[in-house]
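Report on one structure; see the data block that follows.
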Amino acid sequence: MSTQSSIDIPRKAALELLGLVRDEGAYANLALAQVLKNNALNGRDAAFTVELAYGVLRNQMLYDSLAQECADREITAIEPALLDIIRMGIHQIVAMRVPDHAAVDSSVNLARLNVNDAHGKAKAGFVNAILRCVVRNFESDSSEISTQDLSLAVKYSHPEWIIDSYREALIASGRSASELKALLKENNTPARPVLAIRSGESDIDGTSSGRWSTQARVVESTVPQDIEAVRLGHAIVQDEGSQLVAQAFLLSQPIGPESAWLDMCAGPGGKAALISDSVPSGVTFIAVELHAHRARLIERIINPETSVLVADARTRPWGNQFFDRILVDAPCTGLGALRRRPEARWRKQERDLYELTSLQEDLLNAALDSVRSGGIVCYVTCSPHVEESRMLVRSVLEERGGAQLEDARPLFPGIPDLGSGPDVQLWPHVHGTDAMYFALIRRN
Ligand SMILES: C[S@@+](CC[C@H](N)C(=O)[O-])C[C@H]1O[C@@H](n2cnc3c(N)ncnc32)[C@H](O)[C@@H]1O
């Protein structure tokens with residue numbers, strides 16, 4: 001890939017992806033495939049585009065602060081595409097092995113090509129001035145920009161409310177607030193895709209073993225779509241934390257004989273797929289999903305014995321049926337999976353919690369109304385935020401009675417540092433997984 005060419009396709013593609021995320025609300029990981037295809041990018045060029053666009057999405061608060069130090073006007077008030085070009089230049093200077101002159105020149109070229117108004121030349125000059133100043137400020141001998149004086153929020157580019165929620169969750173799960181930095185750093189580290197092997201050969205070229213789950217393979221040197229086992233449906237892409245949750249559900253032990261299992265929030269079907277592979281004979285398994293398009297994704301990967309219902313689980317569309325095991329993998333803020341969703345930290349708002357916790361409460365109540373005596377409900381979120389995890393579970397159980405928390409840690413055998421219990425909280429900086437929360441509840 002040329003670093004100086006005037007038609008620099010990988011950088012142009014990164015800028016295009018950032019525009020789609022900003023202007024059309026696209027999810028970077030979903031829009032990426034189309035952008036790479038449109039620009040005929042693959043191999044190292046595609047990897048460069050991904051690193052650049054994802055790096056900017058993750059670190060934009062820090063990069064805006066570094067740019068602001070060099071600017072004579074409010075940096076966030078400049079036109080969005082120009083700001084993205086500056087952020088891309090800074091990412092190349094401080095986080096990629098791109099020579100400074102190439103980072104600056106390619107950014108100036110991008111500005112010239114993409115800003116087509118009468119002030120195009122001046123804007124390219126502005127980009128040039130800012131990036132040269134950032135280069136000067138960058139301490140090349142320390143390999144890290146001098147960020148000692150910055151707040152955690154700016155240094156690690158996370159909104160304050162998310163940092164506060166992590167601090168509270170670390171303490172609530174029996175850990176220390178001093179781990180915050182390690183957690184924030186981990187959120188900024190690209191996570192390799194992980195596969196869950198469902199059948200066939202588990203030794204797959206270009207992958208290595210997972211850390212905990214025997215089903216897990218970490219994709220090292222290719223993309224999941226190029227792996228035959230994925231194309232054939234023998235493996236699915238699934239974070240190891242989610243695999244552990246599905247395995248914990250399978251390890252849970254309702255009292256007495258079993259005949260029916262339920263996944264109340266099943267789309268797109270990752271956990272339901274793993275569970276459906278191990279449903280014992282004589283047991284029926286129902287997967288419910290509110291949205292038809294997500295239900296179709298479940299149908300594509302689920303064992304065909306499973307029934308898929310498109311419905312609002314709060315209305316208990318299964319009628320008066322009672323279940324031995326119920327999984328409530330509740331819709332949540334997703335704060336535990338930020339390392340895989342680079343733009344999510346800026347899209348989520350603290351106020352989203354009001355609506356979400358009300359939905360989560362209703363879903364958990366519907367589950368507790370539908371589990372038989374001696375049966376279990378596994379309440380799960382991919383967020384450690386206490387208001388949608390441990391506090392919510394305790395408040396629902398206190399209000400209704402008739403069910404209690406049990407120690408979930410034995411359902412995660414061999415996994416250290418699961419917290420003070422009885423709930424389980426996984427952490428990216430400790431376990432290398434998404435921050436999955438898991439509560440084991442038994443009905444009296
Ligand atoms: C966290 S995701 C579940 C992930 C899934 N268990 C997996 O492993 O792939 C939550 C899902 O719940 C669905 N959902 C939201 N509200 C629902 C409701 N009232 N009833 C049923 N499903 C709902 C969402 O559409 C979303 O697909």
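All of (1) at pLDDT 95 or above; (2) in contact with a Lys or Arg (Cβ under 8 Å, 6 or more places away or on another chain); (3) open to solvent by less than 50 Å² (accessible area, probe 1.4 Å) hold for Pro342 with one exception: (1). Being modelled with pLDDT of 95 or more, in contact with a strand residue (DSSP E or B) (Cβ under 6 Å, 6 or more places away or on another chain) and more than 14 Å from the ligand (Cβ to nearest atom) holds for only one residue in Val386, Val328, Val380, Val371, and it is Val371. Filtering the stretch 349-358 to residues that are in a helix (DSSP H, G or I), surrounded by fewer than 19 Cβ atoms within 10 Å (Cβ to Cβ) and of a type outside the set (Ser, Thr, Tyr) leaves Asp352, Glu355.
Condition check ((1) within 24 Å of Asn187 (Cβ to Cβ); (2) within 24 Å of the chain's Cα centre (by Cα)) across all residues:
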position: Lys12; (1), (2): no, no
position: Arg22; (1), (2): yes, yes
position: Ala28; (1), (2): yes, yes
position: Leu32; (1), (2): yes, yes
position: Leu52; (1), (2): yes, yes
position: Ala67; (1), (2): yes, no
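The single condition among (1) buried (at least 19 other Cβ atoms within 10 Å of the Cβ); (2) part of a helix (DSSP H, G or I) that Ile326 does not satisfy is (2).
Among what's in the stretch 262-298 and is surrounded by fewer than 22 Cβ atoms within 10 Å (Cβ to Cβ) and among the hydroxyl-bearing types (Ser, Thr, Tyr), pick the residue that is nearest to the ligand (Cβ to nearest atom). Ranking the candidates gives Ser278 first. With respect to the stated conditions, Val223 fails to be β-branched (Val, Ile, Thr) and open to solvent by less than 20 Å² (accessible area, probe 1.4 Å). Does the stretch 390-398 contain at least one residue that is within 13 Å of the ligand (Cβ to nearest atom) and either in the same structural domain as Val245 (by TED's automatic domain parsing) or within 21 Å of the chain's Cα centre (by Cα) (or both)? No: the stretch 390-398 contains no residue that is within 13 Å of the ligand (Cβ to nearest atom) and either in the same structural domain as Val245 (by TED's automatic domain parsing) or within 21 Å of the chain's Cα centre (by Cα) (or both). Kindly indicate which of Arg294, Arg351, Arg340 is within 20 Å of the chain's Cα centre (by Cα) and closer than 23 Å to Trp427 by Cα. When all the criteria are applied, what remains is Arg340. Residue check: is Ser178 without any contact (Cβ under 8 Å) to a residue 24 or more places away in the chain and closer than 21 Å to Asp417 by Cβ? Taking the combined requirement at face value, the residue satisfies it.
If I filter the stretch 299-318 down to residues being more than 16 Å from Gly270 (Cα to Cα) and among the small types (Gly, Ala, Ser), which single residue comes out as farthest from the ligand (Cβ to nearest atom)? Result: Ala311.
The values are calculated or read from the model by the stated rules, or taken from the named source; none is laboratory data. Quantities reported herein were computed from a predicted structural model and do not represent experimental measurements. Backbone-built Cβ (ideal geometry, glycine too); neighbour counts: all protein chains shown. Accessible surface areas use protein heavy atoms only, side chains included; no ligands, DNA or RNA. Shrake-Rupley method; radii C 1.70, N 1.55, O 1.52, S 1.80 Å.
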